[in-house]
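The values are calculated or read from the model by the stated rules, or taken from the named source; none is laboratory data. For clarity, every value in this text was computed on a predicted model and none was experimentally measured. Ideal geometry is used to build each Cβ from the backbone, glycine not excepted, and the neighbour counts take in all protein chains shown. SASA here: full protein model, heavy atoms, side chains in, ligands and nucleic acids out. Shrake-Rupley method; radii C 1.70, N 1.55, O 1.52, S 1.80 Å.
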Amino acid sequence: MTDRSFKVALLGAGTVGSQVARILTDDADELASRIGARPELIGIAVRDTSAPRETSVDPSLYTTDAEALIDAADVVIELTGGIEPARTRILRALAGGAAVVTGNKALLAKHGTELQSAANASGVQLSYEAAVAGAIPILRPLRDSLAGDRIIRVLGIMNGTTNYILDAMDSTGAQFDDALAEAQRLGYAEADPTADVEGHDAAAKAAIVASLAFHSEFSIDDVHCEGIRDVSADDVAAAKADGYVIKLLAVCELDGEGVNIRVHPTLISRKHPLASVREAYNAVFVESRDAGELMFYGPGAGGAPTASAVMGDFVTLSRRMVLGGPAVPDFSHRELPPTSLSHVVSRYTVGLHVKDKLGVLARIAQVFADHGISIQTMHQTKHPEHAEGEPETTIRIVTHRTTDERLEGTLAEISALPTVDRVTSIIRVEN
């Protein structure tokens with residue numbers, strides 16, 4: 001360790017930021033030994049310096065003048081979230097020659113190319129391991145450890161809130177609304193859970209993962225996104241009876257001359273490693289040409305786990321600054337385009353609510369056959385008569401492999417049949 005030091009600006013003192021501040025102050029000597037220079041936390045930018053906080057950090061470090069803090073720093077750690085003012089502040093830091101660590105997945109998924117270009121222009125490092133899957137080290141393995149391999153597909157449970165909800169529905173038989181309420185009570189879900197349950201959070205992470213895995217530039221606008229609000233207890237129970245579990249998966253895979261990126265509820269076999277990921281944990285399953293199948297598993301959120309990922313980036317780029325090495329360049333050299341979901345091949349489970357009349361099953365099966373879709377299994381569950389006295393039944397169909405486009409045309413025709421009340425669910429089945 002030398003007498004050298006460098007200045008660190010922290011933007012944000014929330015759940016993760018407060019833990020990062022704790023580590024920077026409490027572990028300063030240990031960090032200095034690992035880096036070769038002493039990190040000096042020069043300030044923490046917050047909206048209100050008088051707000052109560054749980055950390056024991058020196059109160060004089062808090063400031064509302066983020067710009068002055070950025071201009072004085074060698075390294076800026078951005079943990080405020082959102083698009084603005086985070087984007088403007090990171091660009092200011094990069095333009096001024098400061099390295100940046102961020103966990104801002106929404107910003108990276110929308111403006112990652114712009115930020116990386118700014119970092120390249122200044123010759124400084126932009127690191128963001130904490131943006132995906134909390135404490136799980138997945139981005140650096142994709143960028144560095146597997147840089148000499150060719151990735152074929154990445155499957156990920158990248159949102160702890162939805163995994164907790166679906167796991168609760170699977171293990172207790174709870175309906176979606178009840179499982180969500182319990183997740184909120186335990187602090188796994190926000191008061192407004194839209195970003196999680198509609199799949200937007202996982203979609204932002206999928207865009208980041210796909211960009212690194214396939215050395216191309218993708219944004220959240222390239223991701224097909226479906227949430228879990230429409231997954232019912234009946235869907236979960238039917239999947240369980242057939243040996244499956246429903247997970248919200250982020251899927252990034254080579255598709256011809258492009259990459260298909262999508263987030264949606266998926267049935268996976270209970271024998272698959274991802275099926276055993278419980279509660280709010282995350283996991284990412286990687287398939288590559290030479291390394292084969294790899295899985296990364298761990299806490300997907302939380303202050304201390306995410307702070308661990310932030311500090312991993314911080315130590316790595318700080319050590320590079322001390323040694324005088326160049327920043328890690330942008331690897332987006334393949335320029336693979338995003339592809340449409342319409343031609344993706346998968347199996348599907350389809351739920352239909354129909355009139356319990358003679359010939360209904362045969363007519364539905366014929367429509368599937370007319371569209372070239374083979375049915376693997378068909379189950380029927382009868383319901384009590386409605387007040388009008390007309391019996392109804394639920395049909396659950398599992399198809400063989402087909403395209404999304406072909407299934408869409410099939411269900412459009414089936415929905416128009418007078419004996420079909422509605423399509424209750426469409427869930428993909430992962431092979």
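Tabulated data
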{"item": "For the chain, convex hull volume per residue from C-alpha positions, Å³", "result": "153"}
{"item": "P(r) histogram, all alpha-carbon pairs of segment 285-346 included - 10 Å bins from 0, percent", "result": "14, 21, 39, 21, 5"}
{"item": "Accessible surface of segment 1-155 [probe 1.4 Å, protein heavy atoms]: carbon and sulfur percent", "result": "46"}
{"item": "Length released on extending from Ala241 to Asp65, taking residue separation times 0.36 nm less the Cα-Cα span", "result": "57.6 nm"}
{"item": "His333-Ser269 pseudo-label distance in nm [points 7 Å out on the Cα-to-Cβ vector]", "result": "3.8"}
{"item": "Residue-normalised accessible area of the chain, expressed per residue, 1.4 Å probe, Å²", "result": "44"}
{"item": "Separation of the His400 and Met378 label points, Cα + 7 Å toward Cβ, nm", "result": "1.5"}
{"item": "DSSP-loop trypsin sites (Lys or Arg not before Pro) across segment 401-431, with at most 13 other Cβ within 10 angstrom", "result": "Arg401"}
{"item": "Ordering of 105-115, 23-33, 149-159, 202-212 by burial proxy (mean other Cβ atoms within 10 Å per residue, highest first)", "result": "202-212, 149-159, 105-115, 23-33"}
{"item": "Rounded Å value of the spacing that divides the Cα centres of segment 1-68 and segment 302-322", "result": "13"}
{"item": "Full-stretch length increase - Glu54, Ala147 - with 0.36 nm per residue and alpha-carbon distance subtracted", "result": "29.4 nm"}
{"item": "Over 18 Å between alpha carbons, listed pairs Lys7/Lys105; Lys110/Lys247; Lys240/Lys357; Lys355/Lys382; Lys247/Lys382", "result": "Lys7/Lys105; Lys110/Lys247; Lys240/Lys357; Lys247/Lys382"}
{"item": "Extension reserve of the Asp234-Arg4 stretch, reckoned as 0.36 nm per residue once the Cα distance is removed", "result": "76.6 nm"}
{"item": "Eligible aspartates and glutamates near Lys271 by straight Cα distance, threshold 13 Å, same-chain separation 8 or greater", "result": "Asp242, Glu430"}
